[in-house]
Amino acid sequence: MKNWSIRTRILLGVVLVNLIGMVVVMVYLHESYSGGLDVTEQKSATLGVSAWDALVDVGSEKLGDITTREGAQKHVDALKSITSAEYGLLIDKAVLDEAEYAEEAEAAGLPSDWNERENYVLLATTDPAVADQMQLQATPDSIPEIGRIVGVENGACSKTCHGAVGGEGDFWRVRWSQDDKSRGHVVFPVSDENGKPIGVVYSIEDISAQADSARATMVNTGAVIIGGLVAATIVIALLLNALVFRRLDRMMSSIQDISVRVAGGDFGAHFQPDGTSDEIGRFEEFFARFMDLMAGTLKSLMK
């Protein structure tokens, strides 16, 4: 690098700074993009909680007891009809009787799934295809009434970005979606008639449209900013070349020519500054006076 010209080093520095700026911008935009999905999910949770509260107000007389399969199914079906998300009702095993649950399942012609989950029983779901994803270990009383975001299946970002994220644990934040769909996972607690938390509603909502829109905004904004940084790099390079390096090249060429002529006895040779008052112009004026003095001294010595 010591053998590189000043021009190369400065331009390389400008490019490096802009590359760092691009990375910072993309990281910031990605965080904003992720934050936007969190807002979407929190809205989904708020809507789900409000809809559930409205259903609870209807009472068990119309929809049935939420601790029974029939009542739970009516509740989640009604909830889906309001919000369009997919729901599952997880009831704490501590409030259910295993034998009664098995009898109810047998009467309905269904296998007992009591042992599929450690702490909960999935009493009802609006989509059996996503039932396996409705997993939770956290107790109902540890989840705020406004709901909590479990995570996002992100199909709108890149696999490179999220493909290595395993999405483990109750609240896994983000993981790569295998089918390029984006889904928000949210849970909120449900309580019995005495207000005691007895389970959770697990919501899975397709947020692909919002994720795709947010990605498009991120990409477009990033493209504009990166394009601006590239344009700034080019402009800086052109300005440096026009205002500094080209003038330095001309000055060095003139200095070499004048020095050789004076050394060869042409004491009338004169260096002509470009007339500017900046740093290069002041150096040229100094060099012109120096060469005139040097030529006069050498001329007097030759007499």
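Any read-out appearing in this document is the output of simple, stated calculations on the displayed coordinates, not a laboratory observation. Here the structure is a predicted model, which means the values were calculated and not measured. Note that each Cβ is placed from the backbone with ideal geometry, even for glycine, and that neighbours are counted across all protein chains shown.
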How large is ³J(HN,Hα), in whole Hz, for each residue of region 136-148 in order, when computed from phi with the Karplus curve 6.51 cos²θ - 1.76 cosθ + 1.60 and θ = phi - 60°, using x for Gly and Pro?
7, 10, 4, 6, x, 6, 8, 9, x, 4, 7, x, 9
Over the Cα atoms of region 1-143, what radius of gyration and what Dmax do you get, in Å?
26.1, 87
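Find how much the distance from V95 to F245 grows on full extension, using 0.36 nm per residue of separation minus their present alpha carbon separation; answer in nm with one decimal.
The span from V95 to F245 would gain 45.9 nm if fully extended.
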About its Cα centre, how strong a charge dipole does the chain have in debye, to the nearest 20, once Lys and Arg get +1 and Asp and Glu get -1 at the Cβ?
3500 debye
Quick check on packing: order 239-247, 274-282 by the mean number of other C-beta atoms within 10 Å, highest mean leading.
239-247, 274-282
Given 0.36 nm per residue, what is the gain on full extension from V15 to V224 after removing their alpha carbon distance, in nm?
73.5 nm
Contact order relative to length of the chain, as percent, for alpha carbon pairs under 8 angstrom and 6 or more apart:
17 percent
Candidate span helices, the chain: DSSP H, at least 24 Å along axis from Cα coords, Kyte-Doolittle average at least 0.5, result 6-58, 208-240
Using only the Cα atoms, what convex hull volume per residue in Å³ does region 226-303 have?
71 Å³
For an R0 of 22 angstrom, estimate the FRET efficiency from the Cβ-Cβ distance between Q256 and S277 and round to the nearest 0.05.
0.35
Charge-dipole axis of the chain as Lys and Arg at +1 and Asp and Glu at -1 on Cβ define it, positive-most pick from L123, V235, F267
F267
Go through [x] 6, 27, 34, 24, 8, 1, 0; [y] 5, 23, 26, 19, 13, 7, 4, 2, 0, 0; [z] 5, 19, 18, 12, 9, 7, 7, 7, 6, 5, 3, 1, 0 and flag the label whose value is the computed P(r) over Cα pairs in 10 Å bins from 0, in percent for this structure.
[z]
³J(HN,Hα), Karplus 6.51/-1.76/1.60, whole Hz, each residue of region 115-127, x for Gly, Pro:
8, 6, 10, 6, 10, 10, 10, 7, 6, 7, 8, 8, 8
